[in-house]
Structure formats: C-alpha cells, structure tokens
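This report concerns only the one structure given below.
Derivation of every value follows stated rules applied to the coordinates shown; laboratory data play no part. A quick note: this is a predicted structure, and the numbers were derived from the prediction, not measured. So basically every Cβ, Gly included, is an ideal-geometry build from the backbone, and we count neighbours across all protein chains shown.
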Amino acid sequence: MTSTASTPSSQRSFYAMEDWRGGTRSLLEEQDYWIDQVEGTIPPDLRGTLFRNGPGLLDRGGISLAHPFDGDGMICAFTFVEGRVHFRNRYVQTAGYVAEEAANKILYRGVFGTQKSGGCLANFLDTRIKNIANTQVIYWGDKLLALWEAALPYRLDSSTLGTLGLDNLDGLLQPKDTFAAHPRIDPQRQRLVNFAIQPGPKTKIHLYEFDLSWQLIEQQTYAIPGFAFIHDFALTPTYAIFFQNPVRLNPIPYLLGLRGAAQCISFNPQQPTRIWLMPRNGGTPQCLTMPACFVFHHANAYEEGNQITIDSIAYDHFPSPEPGMDFRNVNFAALPPSLLWRIQLNLEKQRVQQNCLDSRCCEFPTVHPHWVGQPYRYVYMAAGHDPVENAPLQALLRRDLITGEEDIWSFAPKGFVSEPVFVPKGIGGQDGIWASQGDEEDGWILQVVYDAADEKSHLVIFDAAKISAGPVARLSLRHHIPYGLHGTFTGFVKNSQ
Ligand code: CO
C-alpha cells in the first residue's frame, strides 16, 4: 500500500534528537505526591483516575535494552479529587522484574531484541518469556489489570498500585495462555471485549466478552491460516475485526540466540493484508483483502447496511527493529510513516476501498467512548509537528472525518507527546461506561508530555472541542516519565492518601 506522503530526505530543525532522547531514560524512583505546580484550571468535573502503563526501565545493570518495548511495565496513576491531582507510580512486580531487581542484571531475553550478556551462546535456545506487563492498564469490574499481549494479566491494587499477582480471570486462562493488551468496551451492551492469540500452524484467535462483573458472556474461537502478528482489533455491534498483516516468522535466528523474536519477522509486500470479520456471536468468519500494509492500531469501526468502515493507522511495511541498532539513535525520517487510513468494506460486492486521509504521521488514535463501534465524526491522535515528515510525536491532533478539518496543538520543538485519552464531560462510571449522553466533542483530552526544556513530564488537559486553543491546564511533575504506551481513565477515585 503506497501512501500519499512524501518523505523529505533531510531532517528539519523542529526537534533535536538529544531532546527526544531525554524521554528514553529510565525512571527508577517510585513516587507519591500531590501535584502542586499547576498552570490554568483543572476542570472541576474531572473526577477519577487516569491510569497509564509503559516501559519504565530502559536499562538494567548498566546495559541498555535493545528496544523500549522490552522495558518492564511501570504504572502511573493521576487521581483527580476536588480540583487537585495526586500522582503515584509503581513498577509491576512481575516474577521477571523481581528476579532481575535482585540480580541487577538482564536474566531474560526480550521479544524486541534485548539479549542476556554473554553473546549468542548465553542466549542459545533460551525461549523463556518474561511477562513484562507493560502495554495497557485497565480498570473493569473492580479489577485493575496490567496487560501485555503475550502472557496473563497482572492484577494490581487500584489504590496503592501494589502487585497482587497473575490473574487468570476466574480460571478462564491457563498459565501459558495470553490476553491481548487492547480490550475494547462496547458502550451499548456494557461489555469488555478482548482477544487472545494462540500461535500454531494455524493461528487461533480466542474472543471473549465480559459483563461488568467479569462474567463471561460470549466466547468464540476462530482459526486462521498461517502466522499472525495482531496487536489490536476493531469492534462493531456485529463483528470483531482483525488485520492479519502480511508478515512471516522465521524463528531460527531467535532459537540460535542471534535475534529477538520480533526481529525474525519479515514483511512480504507481495502478499495482501487480510481483514478478518469474526462474528461476535459465532458463525463463519469472512475474509477480505487489501494491498500490503502493517497496522498496530485501529481508531474505530462501524457498520452501515452492507458497508463496514474501519479507520486505522497503517505503515507501508513492518517498522522492524534492526539487530544491533541503538534505538536512541533511530533515524525517524528513514522509518515508514504511520498514517491514518479509512478502509471501507462492501460486503455485498466483497470489495475493499482504502484511502489515506492525511500525510501527517500519527499514532495512538482514540475516540469518545460512546461512539466506539458507531458512526462517528472525530478522531484524536498523537501526531507529528510537520505535515509530511516522519518524526517523533509532538502534537495533539483532532481530525473531523466529515469535513477533513484539523484542529491541532503542537508542543514542538521541546515537547514530545504520548497517547491522548478522551474523558467525557459529566459524571463518569467506574468502568469506562459513561452516563453522559452529550455531544461527541463534549469531553477532555488528557495527555502526558515530556518537555526537554525542563527535562520533566507534564500532564496537559485540553477541551476536546478546542484543541488549537491549547491546554486548559498544565500540571508539572517533579520528574520525567519515560515515553509510555496506553492508558485508561475511570471514575475510580479511591486513594490511599
Ligand atoms: Co497498542
């Protein structure tokens, strides 16, 4: 799939690599404090907790990890209580983290290329996996869970962030099972929907739907041919939608101790991307194809008669981590840009039409939670500052999918952003089920920004309807937070302070 973006050959001066690099430092200290440096006004109706997850540790025993995705999960909680915000961060005390803390050295290979010291002999045939619990954190049915897609969830104490242990969801999951890091909440049926990948000659996709008390309401298992690297899915009232990217896995270099598993994935541009529509209540899956692309994240999807629309962030090819490359010296301009595409499926004619909506690189798309799976108008993303060049994410972008209008605020040159989280205005539920039936723009956007000017991170709050007006509040932390992955906001306010 070829995008409409052009990539200039020379890097422009709207950011400096050394500034970006400041957000790749480990955060060793675990903190607890009320944030006292606030510019602007914290919206009084914001009540609840923003939980965020991401790699907190980027080196161990003086050795850098090969890739941030291999870093141990660290949870941050921003709790909004009566116009004040309390901050806390804790490492997930996974078995691997505890063991490596005690040894102060890397004991496990990482999926994205981190190796134990001692060369390939030390890594030869070592296929033990460290559950790093670093990708997402969700609050649902009175449980706070840290998720990593290749293993079981870790349950945390939602007040203290202390680790309670692995959680098998009341016996649903076996010790070797997985649980994806991208659950979606169906706002109509008030269900949490998630999947699990089981590799094999055929890849099995397990689909689970839970009610508000974690009772399993639906469970389906589908098998698709070949290897599948699936990080996220899209949800409509009828379907769970999966993109099978055209990648192959050659595990030999991994088994020989030469490469991480993700470095053994190769992209085949001659093969199509397969779009699988799995009926949520059982039945026969449908498969349509589109030109090769690689998708990590979907923004949203919806049905209109026989047509299904899916908005996704697509790369021309798999942005593969190269062996031996120092991720802190990554050449952004040389990587494939991540772009917003609209993919429309005509189920009657079995046709797929895809359009790139913007030449600006973007990632971490989100929408108002009431519009998940429904026809919608606005998507919010972390985006590049420059309209065409692939670069670090420095801006918050809202795109109007009807008019094409963009509403943007950039933190360039010194600011680097994380995933935006949408919080509907009004009274929120504890589980991401929102009582308010306001307008689609009626909400707040929360975003953590690393600012190289003071080498600290800040939580910024935007009115979702007026991004280009800038943040309504900026809360300054006393330290930085390494670039994170995903988070959720809940009405949960219990705080041990
Ligand atoms: Co993700």
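Here are the numbers for the structure shown:
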| quantity | calculated |
| --- | --- |
| Pairwise FRET efficiency - V493 versus S117, Cβ, R0 = 45 Å, nearest 0.05 | 0.50 |
| Length gained when the stretch L357-Q190 is fully extended (0.36 nm per residue, less Cα-Cα span) | 57.0 nm |
| Label-point separation in nm, Q344 to R377, each point 7 Å along Cα→Cβ | 1.9 nm |
| Burial ordering of C293, C361, C264, fewest other beta-carbon atoms within 10 Å first | C264, C293, C361 |
| Proximal charge balance of G22 [Cβ under 11 Å; K/R count +1, D/E count -1] | 0 |
| Stretch gain in nm, segment V388-D32, where the contour uses 0.36 nm per residue and the Cα spacing is subtracted | 124.1 nm |
| Cα-centred dipole magnitude for region 112-183, charges only on beta-carbon of K, R (+1) and D, E (-1), debye, nearest 20 | 280 debye |
| Span from the region 105-144 Cα centroid across to the region 228-268 one, whole angstrom | 17 Å |
| Residue order, fewest to most beta carbons within 10 Å, for F294, F422 | F422, F294 |
| Mean ellipticity per residue at 222 nm, deg cm²/dmol - from DSSP H runs of n ≥ 4 across the chain, formula -39500 (n - 2.57) | -1000 deg cm²/dmol |
| For region 471-478, 3J(HN,Hα) per residue [Karplus equation, 6.51 cos²θ - 1.76 cosθ + 1.60, θ = phi - 60°, Hz, x = Gly/Pro] | x, 7, 8, 9, 10, 9, 7, 8 |
| Least to most buried among L172, L57, L397, L121 (fewest other Cβ within 10 Å first) | L121, L172, L57, L397 |
